[in-house]
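Comments concern the structure below.
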Amino acid sequence: LLRLLPNHPYVLKALSFGLIGQRDYDVALPVLEQAIRQNAKDPELYNNLGICLAAVLRWDEAVDCFDRALALDGNDPEVWKNKGEAFCHMNRWGEAVPFLLKAIELHPGDFDAAIHTLAQALANSGRREEAFVCYSALLEDAPDNPCYLGNLIFAGLATCRWDGLTEAVQRLRVLTGDFERVGIAPLNALAIPGLSAAELRRIAEVYSREEIPPYFLNAPSFVSRRGNADGGRSRLRIGYLSYDLVKDHPVAHVIPRVIELHDRIRVEIFVYSMGPDDGSTIRQRVAGACEHFVDIGSLGVESSAARIAQDDIDI
């Protein structure tokens, strides 16, 4: 159709839906940008562009697109949900909650996708009892959904609900075909008693294959200059990368002393912080203990990787 009708906005829009459906996000991006140039008043185009940008982890740009879509049509529950999901992926869990509640409010029926994301936001912002209620309601409506069951098991562990745990884990095995399908995130699975090392590995492999965009799994590696290898510098460069350099996380309590004890004659320390600046004394201590404290919280994955490669980190 585009050969017959070049730059036709509705054909471009239809093509974008097809590409998104096939997860060809990097191909869909220029199609959507072209479509928006032809029809800048279509909120669905901005929503689709936001979906693509989110899929390649350009979260801030995605949120901007969702805001532009909402400015044109503030009653689309799908856009509110997508905006909430973007905030979740940026680990801004508490900020995501009102957007997800708005999506659920506007949706004509049960909005399971938004409720599921809301449960995740509640759980990760410390509102675990509310998260358990959400997961329970979701599983009641869809008892054969392995993701709902896996998240309910983890929420139950977080709220000290032990009754029926063994039976629930066995049910999860059945629903996922012995974990050949996604049912729980790998880090959450580590908390579940009774899972073997082989099962944990299978959970991680399946999760990475199904949940991480091929755009990143197949991306070329950034190559470091490796200045130390050719004698360009005398000290080893060590980089620490963490979201958790904040006062209430175990990493923040353990890592400052580790950094302080490095031999600065032999090593040069870089710290890359992905998390928010909470103004805590621990974060300030980490920043003071290293030679290079780099806040990459607002950068996307590719920009963060490029910055680390630019710094020529050895470890």
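The values are calculated or read from the model by the stated rules, or taken from the named source; none is laboratory data. Just so we're clear, the structure is a prediction, and the values are computed from it rather than from any experiment. Every residue, glycine as well, gets a Cβ built from its backbone with ideal geometry; the counts of neighbours run over all protein chains shown. Only protein heavy atoms, including side chains, enter the accessible area calculation; ligands, DNA and RNA are left aside. Shrake-Rupley method; radii C 1.70, N 1.55, O 1.52, S 1.80 Å.
Here residue 174 fits the description: within 20 Å of residue 198 (Cα to Cα) and modelled with pLDDT of 95 or more. Please go through (1) over 30 Å from residue 26 (Cβ atoms); (2) in contact with a strand residue (DSSP E or B) (Cβ under 8 Å, 6 or more places away or on another chain) for residue 280 and return the number of the only condition it doesn't satisfy. Going through (1) over 30 Å from residue 26 (Cβ atoms); (2) in contact with a strand residue (DSSP E or B) (Cβ under 8 Å, 6 or more places away or on another chain) one by one, residue 280 breaks only (2). Which residues, taken from segment 259-284, are assigned to a helix (DSSP H, G or I) and either modelled with pLDDT under 90 or within 24 Å of the chain's Cα centre (by Cα) (or both)? Listed by number, the residues that qualify are 281, 282, 283, 284. Criterion first (modelled with pLDDT under 90, buried (at least 17 other Cβ atoms within 10 Å of the Cβ) and more than 20 Å from residue 70 (Cβ to Cβ)) does residue 25 satisfy it? The answer is yes for residue 25. Taken over segment 150-169, the criterion of being without any contact (Cβ under 8 Å) to a residue 12 or more places away in the chain and surrounded by 11 or more Cβ atoms within 10 Å (Cβ to Cβ) is satisfied by 164 alone.
With the requirement that a residue be outside any loop (DSSP other than H, G, I, E, B), touching a Phe, Trp or Tyr at 6+ places or on another chain (Cβ under 9 Å) and surrounded by fewer than 16 Cβ atoms within 10 Å (Cβ to Cβ), what does segment 285-294 give you? Even if it seems obvious, please write down each step before you answer.
Taking segment 285-294 and keeping what is outside any loop (DSSP other than H, G, I, E, B), we get 285-289, 292-294.
After this cut, where a residue has to be touching a Phe, Trp or Tyr at 6+ places or on another chain (Cβ under 9 Å) as well, the list is 286-287, 292-294.
The one that is outside any loop (DSSP other than H, G, I, E, B), touching a Phe, Trp or Tyr at 6+ places or on another chain (Cβ under 9 Å) and surrounded by fewer than 16 Cβ atoms within 10 Å (Cβ to Cβ): 292.
When each of 298, 304 is tested for being part of a loop (DSSP other than H, G, I, E, B) and of a type in the set (S, T, N, Q), the lone residue that passes is 298.
Filter segment 133-142 down to the residues that are open to solvent by 40 Å² or more (accessible area, probe 1.4 Å) and of a type in the set (A, V, I, L, M, F, W, C) and list them by number. Those that are open to solvent by 40 Å² or more (accessible area, probe 1.4 Å) and of a type in the set (A, V, I, L, M, F, W, C): 133, 137.
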